[in-house]
Amino acid sequence: MAAPIIEARAIHKHFGALHVLKGVDLQVAERELVFVIGPSGSGKSTLLRCLNRLETPDSGSVVVDGIDLLARATDINRARQRIGMVFQSFNLYPHMTALGNVTLALRKVAGKTAAEAEALGLAALDRVGLRDRAGHTPGQLSGGQAQRVAIARAIALEPRVMLFDEPTSALDPELVGSVLAVMRELRQDGMTMVVVSHEMGFARAAADRVVFMDDGQIVEQGAPAAIFEAPREARTRAFIGQIQRH
Amino acid sequence: MLDTFFNIEIMKAAWPILLAGLGNTLLLSATVVPLGLLGGLILALLARLRSPWVRWPLMAWVDFFRAFPPLVLLIFLYAGLPFIGLELGGFGCVAIAFFLNTGAYYGEILRAGIDSVPTGQSEAARSTGLSATQTMAWVILPQAVRNVLPDLMSNTLEVVKLTALGSVVAMPELLFQARQAQSLTYNPTPIVVAALIYFALLWPLVRLLSRLENRALRAG
């Protein structure tokens, strides 16, 4: 395996007295799609948020695309341009149009002119199939469309890595497919992705690796088939059984 | 009755004086509203810092100037500061008093507005590489202001009305001019006209505010 593009080592994180991450190691290779699953409270979202320093680990190291995110000298805002993130609740800016959402960072962070930003923004919206919704505000979009605009906002900056935090959990079931389709395309284009999600069907079809977390630790990881059909650990078996029943 | 309160001759004579007063009231409002907003913004942004070294003095400051009657503050600045050699003049005193007093009110409103924006908004903005300052300017503040617009307007209405306080420090604003005209003519007509001018000036704002509040009620 080539040098990993994401390399998190021995991450510990507390929220007050709560020990949320208990020494987690995660390496992700370029173009790899890693699924992180686990019960709520297992620390999977916190781990994801450590990968762009929305949460700062108490100890350990996080290196993404060669940049040590925890080093004092690191310009975190520059580093974050290379790390796209998509949230469960979309978090689109409600006071801007879809295009405005996508172009804000292009103009303010990437230093594009208004015209360049608009062209790139429209191209990004095109990739998620929503070029014709450029002038709509988030309130005028369905949940599925809103999440795709959120993906466009992230990929417009041409990140090296994409993080997805339960991207389909807030969606009505009939809208999930459109978001997964966009993620599948990103995958085909070779994007490195870390996805916290319980979309088992998608994980089976698209993931290179599934990581099972419980109680702030990685319990088990492997190919989707191995994790879903022949988990070694009792905790993994119990969890897989649970989500398959639903 | 008509001769006492709606004396046409006196209205004609007093009109230029009152108009000059209206001009000064508008000028004063156009100065103290932005000043108050600026003071409020500074306070609201400082309130984001969680450090107790900022929080406690800030709370004391806001409490103090909200509890301090603006008229007393104004007279203190005007009549008290010259004793330490600070002659700020009527306009300077009004500007400072309003900066302190209305700034504290605007500050509380803006703070509530900023708190009303979900944290996910700033997380999304930061995740795209926007700095904390850019996130505040482009993502948080526009939403914060929109969320508390009725309160901001209501406070602004109060501020414009409070500019009449300037009359006690000889600021030639509308009320002061009306009092002058009244004492020159021995007739209350100028005061009545001044009241009508205030009404004409503020009523559209009051209407707009009601509509905003109704809309907020329906949306909320």
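Just so you know, all these numbers are worked out from the coordinates, no wet-lab data involved. Small disclaimer: the values here were computed from a predicted structure and weren't measured. With ideal geometry, Cβ positions are generated from the backbone for all residues, glycine too; neighbour counts draw on all protein chains shown.
Structure above, values below:
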| quantity | calculated |
| --- | --- |
| Nitroxide proxy distance, nm - points 7 Å out along Cα→Cβ at A:Asp189 and B:Arg48 | 3.1 nm |
| Protection proxy ranking, peptides B:61-74, B:203-216, average beta carbon neighbours within 10 Å, highest first | B:61-74, B:203-216 |
| J(HN,Hα) series, the range B:71-83, from Karplus relation 6.51 cos²θ - 1.76 cosθ + 1.60, nearest Hz, glycine and proline x | 5, 5, 4, 4, 5, 4, 4, 6, 9, x, 5, x, 5 |
| Spacing of the two label points (7 Å from each Cα toward its C-beta) at B:Trp56 and B:Asp115, in nm | 2.0 nm |
| Assigned charges on the beta-carbon of Lys, Arg, Asp, Glu; the range A:65-143 dipole about Cα centre (debye) | 120 debye |
| Peptides B:89-102, A:177-190 ordered by average Cβ neighbours within 10 Å, highest first | B:89-102, A:177-190 |
| Net charge over other residues, Cβ less than 13 angstrom from the Cβ of A:Asp214 (K, R count +1; D, E count -1) | +1 |
| Student exercise, the protein assembly as shown dipole from Lys, Arg, Asp, Glu Cβ charges, in Debye to nearest 20 | 60 debye |
| Positive-end residue, the range B:2-219 charge dipole about Cα centroid, Cβ charges, pick of B:Ser183, B:Ile114, B:Leu81 | B:Ile114 |
| Lysine pairs in the protein assembly as shown with Cα atoms under 29 Å, if 8 or more residues apart or on separate chains | 4 |
| Rough spin-label spacing in nm, given labels placed 7 Å along Cα→Cβ, for B:Phe64 and A:Glu30 | 6.0 nm |
| GNM top mover of A:Thr97, A:Thr46, A:Thr74 - chain A, alpha-carbon springs below 10 Å | A:Thr74 |
| Relative contact order of the range B:2-219, pairs being alpha-carbon contacts under 8 Å that are 6 or more residues apart, as % | 33 percent |
| B:Val145, A:Val210, B:Val160 arranged by Cβ crowding within 10 Å, fewest neighbours leading | B:Val145, B:Val160, A:Val210 |
| The protein assembly as shown, helix-only ellipticity at 222 nm - DSSP H runs n ≥ 4, -39,500 (n - 2.57), divided by all residues, nearest 500 | -18000 deg cm²/dmol |
| Translational diffusion of the protein assembly as shown, µm² s⁻¹ [Kirkwood Rh, Cα pairs; Stokes-Einstein; 4 °C; 1.567 mPa s] | 49 µm²/s |
| Two-decimal Rg to Rh for the range B:85-216 - Kirkwood Rh, Cα set | 1.14 |
| Cα Rg over Rh - the range A:163-246, Kirkwood | 0.96 |
